[in-house]
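What follows is one structure encoded as structure tokens, with my remarks underneath.
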Amino acid sequence: MEALKGKKVILQDGELLAREKRNENYLMELDSGALLQNYTLEAGRYQEFGAKKLRHGGWEDPSCQLRGHFLGHWLSAAAIRFAEDGNEELIGKANRIVHELRLCQIDNGGRWAASIPEKYFKWIAAGKAVWAPHYTVHKTFMGLLDMYRYAKNEEALQVAVDFSRWFLEFTEGFDRSQMDDILDFETGGMLEVWADLYEFTKDGMYLTLIERYDRSRLFDPLLEGVDLLTNMHANTTIPEIIGCARIYEETGKERYRDIVTAYWDMAVTQRGEFVTGGQTCGEVWTPRHSMAVRLGDKNQEHCTVYNMIRLADILFTWTKDPSYLDYIEKNIYNGIMAQAYWRESLANGQKSEYPPEGLLTYFLPLRAGERKGWASKTQDFFCCHGTVVQANAAHNQYLYYQDGRQIYVAQYFDSTAVFTVDGQEVVLEQKRDSLSGSFHFSSTSSAGQCFHENTRKYPNHPDCMAIGFRVQTGQETEFDLYLRIPAWVKGEVLIEINGERAAVPTEPGSFAVIGHRWKEGDEIRLILPLAIACVPLEGEEKAVAFSYGPIALAGLCGEERSLDTHGRNPEELLVHDNEREWGSWKCSFKTRYQNPGIRFLPLYQIGYERYQVYFPLI
């Protein structure tokens, strides 16, 4: 199965496009000399002195042992972005940075291309504490390999190949026990690097490196069903498991596939999750089904969100199980969107006491009365700073998949997918119908007005997600269209083809499969009912969170509040609030039967306000 992305998917969703654009502007805004500073310092090439201050702070400060990690993320984000929109200015900047890395490598003797000294690895081999050198160099490798994968930069591949030879020599003299001790220092995605390099070069030395970096101390117990994850640092292990997935894909060795599935089962299936889709607190995995004791100011590290989405994407391509797509959807709304590129929306001369935007938040607090902590552009650069620019580089990923004549619509955002079936190019347009009277495939102007029956048919919020699809094909083409029916659906799902109702199963948590011989202009309409749902807090059944479809809601509260059900179902406590603005229905709610009442907004719309996600019921 192939995930459609790059120029095969054209994103048209306004909210996601805005986030992409802000991310792209941020990538361009960062000074190349500042991004390279730690590499040029290490190579002895740094020449700035005095008044010109290029220094980035936080984890990019030259005194930090993880210095230089962000540049790898930056290169990956630039390459992924280029693959989507062909931004020549951005990729030109990235190509120049790669060339400078090559010059640093040459001045380092022809192999070493990192922002940290080689002795850091000798330290961990000797058992001396140092902060995750493998993690840091993995980011450099990742950026170089993505520049080759997405931007066809041959120099980037050459730097990575020559750099990898240092690691082949470094690991040569260690026995298995010594190598295992080294791997206990966070190795990041080194296995993924070796698998990618094996894919690109077919050089057997990468199979040797894979064998040496096989972390059996983690993998073997996982295969035996032992819970090693509870209270373990989460994002230390997720990249290792993604590496196992890549090894399986490149070598076909079933052991590595089994490791991946065992990990997901232990990390997600057996663990449970918060209403947001996350499972972590303070960067570690929560105990299984015990989220109640871990509500705090450091829930849901962004890095884990991004990497678990990547893992879910891989597992879906292996299994076609829609539960992985449900997981991705939940984490897009309540992680990727909730933890980066927030912007306030005020009108009519309103002013706020807070800044009008937020770049990224390391964690997503879930304890009552907390608020998000927004990072600066140049003086933080913690780990999530890197995954944020990658996650927002291209939101056209995870939307569509193809397996021969099977086309999978995985997520519901305005977009256009281009694919080929039996040699025939087919275009599938997807557009959300707002049900506000302003839905037109051919609309070219927001100023034009027309009369539409929806303005009368839906006087109040329609409480459904309505999606329209249109097929464009030069000649009739037969393929099966798989429409995901999310697990959150409550109520009757409606599917129409060219105005006629389709008699296909629409069980929540499955695919509705439409086999058809499609012709130019065929239209499909999908209606997914939306409703307020209560999600119990695992470990404390008398506390609940609220969601609206896949979207987690947060109450605007300065301190913890309880909700009085008055003998009613908790779902009845929330109703729409200020439901429409101009031509759009709003996703905002308020409580009933409470004194005083509480307003609820999607968690991804929360900026600097204090909020509460889980509410005790009385």
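The values are calculated or read from the model by the stated rules, or taken from the named source; none is laboratory data. Model, not experiment: these values are computed from the prediction. Counting neighbours? That spans all protein chains shown, and the Cβs are built from the backbone with ideal geometry, glycine included. All accessible areas refer to the heavy atoms of the entire protein, side chains included, with ligands and DNA or RNA removed. Shrake-Rupley method; radii C 1.70, N 1.55, O 1.52, S 1.80 Å.
Working from Cα pairs under 8 Å separated by at least six residues, relative contact order for segment 17-75 is 33 percent. Annotation: amide H-H contacts under 5 Å for Asn299 (H modelled 1.01 Å from N, sequence separation of 5 or more, or interchain): Gly282, Leu364, Leu366. In this structure the amide hydrogen of Trp585, modeled in the peptide plane, comes within under 5 Å of no amide hydrogen from residues 5 or more places off or on another chain. Heavy-atom accessible surface of the chain, averaged per residue, reaches 40 Å², computed with a 1.4 Å probe.
Pairs spanning more than 22 Å between alpha-carbon atoms, out of Lys93/Lys139; Lys119/Lys202; Lys377/Lys586: Lys119/Lys202; Lys377/Lys586.
For the pairs Lys298/Lys590; Lys21/Lys372; Lys457/Lys542, flag any whose C-alpha to C-alpha distance is greater than 30 Å. From Lys298/Lys590; Lys21/Lys372; Lys457/Lys542, over 30 Å: Lys457/Lys542. Taking 17 Å as the straight-line reach from the Cα of Lys330, the lysines in range (excluding those fewer than 8 positions away in the same chain) are Lys490.
For Asp433, the residues whose amide H sits under 5 Å from its own are Ala466, Ile467, Gly468, ignoring neighbours fewer than 5 places away on the same chain, with H placed 1.01 Å from N. Bridging of Lys431 to aspartates and glutamates at a Cα separation below 13 Å is possible for Asp13, Asp414, Glu523, once same-chain residues fewer than 8 apart are set aside. The apolar share of the surface of the chain, taken as the fraction of accessible area on carbon and sulfur atoms (1.4 Å probe, ligands and nucleic acids excluded), comes to 46 percent. From helices alone, the chain scores -11000 deg cm²/dmol at 222 nm; the rule is -39500 (n - 2.57) for each run of n ≥ 4 DSSP H residues, then divide by the residue total. Taking a ≥ b ≥ c as the square roots of the Cα gyration tensor eigenvalues, with a/c under 1.5 meaning rounded and otherwise prolate when a/b beats b/c, else oblate, which class fits the chain? Prolate is the answer for the chain, as a/c is 1.5 or above and a/b outweighs b/c.
Across segment 1-156, the mean sequence separation of Cα contacts (distance under 8 Å, 6 or more residues apart), normalised by length, yields a relative contact order of 29 percent. Sorting the segments 267-278, 389-400, 529-540 by their mean number of nearby beta carbons within 10 angstrom, highest to lowest, gives 389-400, 267-278, 529-540. Descending by average beta-carbon neighbour count within 10 Å, the peptides 211-222, 369-380 line up as 211-222, 369-380, the highest first. Between 0 and 90 degrees, the angle of helix 254-264 with respect to the longest Cα principal axis of the chain falls at about 50 degrees.
Taking all Cα pairs closer than 8 Å and separated by 6 or more residues, the relative contact order of the chain comes to 14 percent.
Of the residues His516, Gln178, Ser547, the one whose Cα sits farthest toward the positive end of the charge dipole of the chain, with +1 on the Cβ of Lys and Arg and -1 on the Cβ of Asp and Glu, is Ser547. Neighbours of Gly423 by Cβ distance under 15 Å: Lys/Arg scored +1, Asp/Glu scored -1, total -3.
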